[in-house]
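Asks: Let me give you the structure first, and then I'll get to my questions.
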Amino acid sequence: MFIETYYDDRAVATSTSEPVIPYPELSGEELTVWQKYLPIRNLHSRFNTVTIPGAVITEIERAKKATGLFDRVEIWSRTDDPMAVGVMNEEKPRYFSIVRWGDAELTLAQVKRKLWAEKCLLGLTLLAGSAVCLAAATYAVISLGG
């Protein structure tokens, strides 16, 4: 099983008023891609901990305790490829990658290609379904009309 933690002990504060966040922020295109690829959202406390490996639970607990920054930790998932995401600031949420695990180690580029392929497959399925309906309607008209 693949497990990737995003904790960076070399993280430094960008200003004196901002606390150090040792996890990378998800924003822009990266945030959009992960939200589309991992559409199911659960609070960590409601996620089935039986399916979460021990190393992942340890990393989530470190994020919750050490930083004290996250209002909540969510598990974003789809079949066999979840990611724990720290969420802070409810009014204008900011998202941070904590840990990802699953069956495949996918890069952002691979996830984008996979989403594109799924979109194309959906389009082809709709097109094929329309063609079958049109053929059935044409057959019915010819059979009943003739």
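Asks: Just to confirm my filter: which strands (runs of 3 or more DSSP E) fall fully inside region 59-145 and include at least 2 residues that are under 15 Å from the mean Cα position of the chain (by Cα) and of a type in the set (Gly, Ala, Ser)?
Replies: 83-88, 94-102
Asks: A further question follows. So, in region 14-67, of the ones that are farther than 24 Å from residue 110 by Cβ, among the basic types (Lys, Arg) and surrounded by 11 or more Cβ atoms within 10 Å (Cβ to Cβ), which residue ends up modelled with the highest pLDDT?
Replies: 62
Asks: Would you please name the residue that is surrounded by the most Cβ atoms within 10 Å (Cβ to Cβ), looking only at residues in region 68-99 that are closer than 22 Å to residue 8 by Cα and touching a Pro at 6+ places or on another chain (Cβ under 7 Å)?
Replies: 75
Asks: Looking at region 84-124, which of its residues are under 17 Å from residue 29 (Cα atoms), aliphatic (A, V, I, L, M) and modelled with pLDDT of 85 or more?
Replies: 85
The values are calculated or read from the model by the stated rules, or taken from the named source; none is laboratory data. Bear in mind the structure is a predicted one, so any value in this text is a computation, not a measurement. Don't worry about glycine lacking a Cβ; one is built from the backbone with ideal geometry, like all the others, and counts go over all protein chains shown.
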